[in-house]
Amino acid sequence: MRAIRHLHFAVCLALVLASVVACSNNGEEMRRQLNELQARNQADSILNDTATAIALAAYFDDNGTQNEQLEAHYLLARTWTDLGQAPRALEEYQNAAALADTTCLDSLSNHWLSRIYGHMGELLYRDYLPKNALLAYQRAYSFSKRANEERSASLFYAQKSRCYYDLSLPDSSAYIMENAIKMLLECSDTIYANSFKGPLSYLFVQRGDFAKAKEYLDCYEYHSLINEQTLNLYDNYKLLFVYKGFLYQGLEQYDSALYYYNKSLLASNNINNRILTYRGLSQTYAKINQPDSASKYGLLYGDASNESNKQDISMSLLSMQHLYDYNRFKATAQQKTIEASHANLRLLVIILISTVLLAILIIVLINLWNRHKLFRLKLYNKYTTDILGYIATKEKLYHLEKQKVINEHLVRQAKDDLASFRNSIVETRKQYGDNNGLGIEDYLLKNQTIVNLKAKGRKGQVATERELHELRRAVNIYLPEFSESLQSIDYHLQPRDICICMLLKLKFAPSEISSLLHISSQALSNNRKRLLKRMFGIDGSSSLFDEKIQEISSGDVL
């Protein structure tokens with residue numbers, strides 16, 4: 001019997017060891033595949049094996065380090081990008097970014113985040129969303145700076161120039177481009193620095209600064225990435241002929257201008273290149289008094305511009321359809337329309353039946369409402385004045401206590417004022433809070449900024465930085481206790497985390513928050529779970545975090 005027990009133990013031990021070895025081998029194999037996929041990405045090979053990329057992301061979500069998870073989701077996003085799946089790629093880029101702990105980023109995390117946001121910017125720019133691309137390129141630039149990758153930071157910074165140009169801000173575009181050239185020269189990258197001087201020379205021609213334009217154009221032609229091979233392969237480098245045409249046109253050397261315009265027509269079939277060329281030819285022939293040719297190329301310019309606008313509009317609508325799911329919002333809007341129609345019908349019946357009663361009651365109701373409204377307005381003004389006074393006095397006290405030589409009289413006076421404001425606020429809430437039906441908090445929900453954000457969230461639109469600033473300001477005024485609760489505990493919350501907490505407190509739906517902050521539903525869910533752990537020290541679902549936010553006291557913590 002003892003021998004049998006020993007044999008049984010040996011078999012179990014062998015199975016355990018075999019399982020450990022298998023898991024270890026599986027982990028090594030997955031890491032090998034991850035490294036291989038990354039090598040293919042760095043070699044600019046087309047990534048089209050979605051099954052492998054998805055399996056890697058799933059495996060490292062359960063078994064990898066933070067950087068391995070981030071890298072796996074980044075490579076999955078690159079795979080979706082190469083397959084032309086813009087919405088999936090964008091979602092994976094956001095998932096990858098959400099995996100990074102922004103409170104303690106190391107150099108490797110900054111490196112990955114810079115690449116993530118850089119590719120997001122390229123994806124958004126290609127999909128005719130220059131404003132969104134501009135924000136992504138700015139983040140890519142910031143993370144590259146933190147990773148001490150100066151050259152990459154300079155290149156991401158330069159990409160902002162074309163976003164500003166597409167937003168019809170040529171002066172901003174030129175300013176960014178000139179700074180980018182200086183940054184690249186400081187990195188000793190003269191080739192890329194000179195490669196950005198081509199489009200910049202065109203902007204200087206439009207300004208009439210032909211000397212500067214010629215200087216930049218010469219650098220672009222002779223000291224950049226332009227050579228015979230790139231001119232033959234890439235249409236964007238064929239813009240050299242267009243730039244030279246406009247320069248010579250500005251210098252009134254019309255024969256040279258016509259030569260380069262015609263050379264551009266022969267070299268490139270790109271619609272954007274031809275539009276610029278047709279415009280230059282029309283202007284040049286008008287200058288040399290050849291109205292027939294000027295008219296001919298003017299018509300061609302108009303037709304090409306219309307064709308390009310139609311293509312841009314078509315592509316823009318297609319991209320928006322891919323990037324945002326409008327079907328849900330359309331169905332919601334239709335449902336709201338039906339409900340509104342039924343409500344109007346019921347209201348019409350009630351009005352027909354109750355006309356006589358309403359005629360008698362309306363005057364009484366108006367008088368009562370005006371008196372009630374006036375009282376609420378006075379109360380609101382007093383409460384708001386007290387809150388603003390409290391905030392200003394608190395800041396004043398803070399600065400007084402930070403001075404090297406403390407004025408005890410002013411500090412004592414500030415503390416007395418602070419206590420007075422606090423007592424007034426507490427008394428107002430005690431006497432005229434929601435329990436008495438006056439609803440001071442209702443003013444927050446009726447605040448125009450909150451109303452606008454609610455409408456935008458329902459429509460799937462993105463909030464502006466100004467609107468988010470007004471949101472924080474409104475919550476500071478109407479819910480100062482909640483706002484100070486977020487800041488009084490050592491949470492170290494980022495601005496976006498604070499906005500998420502405030503929107504949840506105001507009972508915004510997660511789908512509305514995702515739209516307003518321009519993050520995916522999955523990224524928002526992951527962020528709420530992370531905040532639940534950080535703020536309350538527990539693991540749980542995102543909905544549990546929502547409940548915990550509602551439980552944060554709205555009482556007097558001033």
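The values are calculated or read from the model by the stated rules, or taken from the named source; none is laboratory data. This one's a predicted model, so the numbers in the text were calculated from it and none came from an experiment. Counting neighbours? That spans all protein chains shown, and the Cβs are built from the backbone with ideal geometry, glycine included. When the accessible area is computed, the model is the full protein with side chains, heavy atoms only, and any ligands, DNA or RNA have been set aside. Shrake-Rupley method; radii C 1.70, N 1.55, O 1.52, S 1.80 Å.
Note down the nm distance, to one decimal, between modelled labels 7 Å out along Cα→Cβ at Arg496 and at Ile363.
6.0
Quick one: which residues, 5 or more positions from Leu225 or on another chain, have an amide H under 5 Å from its amide H? H modelled 1.01 Å from N in the peptide plane, none for Pro or chain starts.
Ser195
Report, ordered by chain and residue number, the aspartates and glutamates lying within cross-link reach of Lys238, taken as a straight Cα distance under 18 Å and ignoring same-chain residues fewer than 8 apart.
Asp218, Glu221, Glu228
Return one whole number: the accessible area per residue of the stretch 217-258 in Å², for a 1.4 Å probe.
Accessible area per residue, the stretch 217-258: 52 Å².
Given the Cα-Cα distance of Glu228 and Ser293 and 0.36 nm per residue of separation, how much length would full extension add, in nm?
My answer for the length gained is 20.3 nm.
7 Å from Cα along Cα→Cβ at both Thr385 and Ser354: what's the point-to-point distance in nm?
3.8
Cα-Cα over 31 Å: which of Lys145/Lys404; Lys197/Lys287; Lys160/Lys394?
Lys145/Lys404; Lys160/Lys394
With a ≥ b ≥ c the root eigenvalues of the C-alpha gyration tensor of the stretch 451-526, is it rounded (a/c under 1.5), prolate (a/b larger than b/c) or oblate?
oblate
Rounded, prolate or oblate: which fits the stretch 106-150 when a ≥ b ≥ c are the square roots of the eigenvalues of the alpha-carbon gyration tensor, with rounded for a/c under 1.5 and prolate only if a/b beats b/c?
The shape class here is prolate.
Would you mind counting up the charge near Glu215? Only other residues with Cβ under 12 Å from its Cβ, with Lys and Arg at +1 and Asp and Glu at -1. Before the final figure, lay out each step's value.
Working: positive: Lys197, Lys212, Lys214; negative: Asp209, Asp218, Glu221.
My count for the surroundings of Glu215 gives 0.
Can you give me the convex hull volume of the Cα atoms of the stretch 94-202, divided per residue and expressed in Å³? Can you show the working numbers first?
On the way: hull volume 10.3 nm³, N = 109.
It is 94 Å³ per residue.
With every protein chain left in place, what is the accessible area per residue of the stretch 67-128 in square angstrom, probe 1.4 Å?
34
Percent relative contact order of the stretch 448-558, based on C-alpha pairs within less than 8 angstrom and at least six residues apart? Don't skip to the answer; put the middle values down first.
Working: 95 pairs, mean separation 36.6, N = 111.
Normalised by residue count, the contact order of the stretch 448-558 is 33 percent.
For the stretch 50-150, which whole percent of the accessible surface, found with a 1.4 angstrom probe, sits on carbon and sulfur atoms? List each step's numbers first, then the result.
Numbers: 1900 of 4020 Å².
In the stretch 50-150, the share of accessible area belonging to carbon and sulfur is 47 percent.
Name the residue farthest towards the positive end of the dipole of the stretch 175-218 from the options Gln206, Ile191, Asn179, assuming +1 on Cβ of Lys and Arg, -1 on Cβ of Asp and Glu, about the Cα centre.
Going by the charge dipole, the pick is Gln206.
Percent of accessible area on the stretch 174-273 owned by carbon and sulfur, 1.4 Å probe?
For the stretch 174-273, the apolar C and S fraction of the accessible surface comes to 49 percent.
State the Cα centre-to-centre distance between the stretch 71-122 and the stretch 218-253 in whole Å.
Between the Cα centre of the stretch 71-122 and that of the stretch 218-253, the gap is 35 Å.
Treating the beta-carbon of each Lys and Arg as +1 and of each Asp and Glu as -1, no other charges, what is the dipole magnitude of the stretch 144-297 about its Cα centre, to the nearest 20 debye?
With Lys and Arg at +1 and Asp and Glu at -1, about 300 debye.
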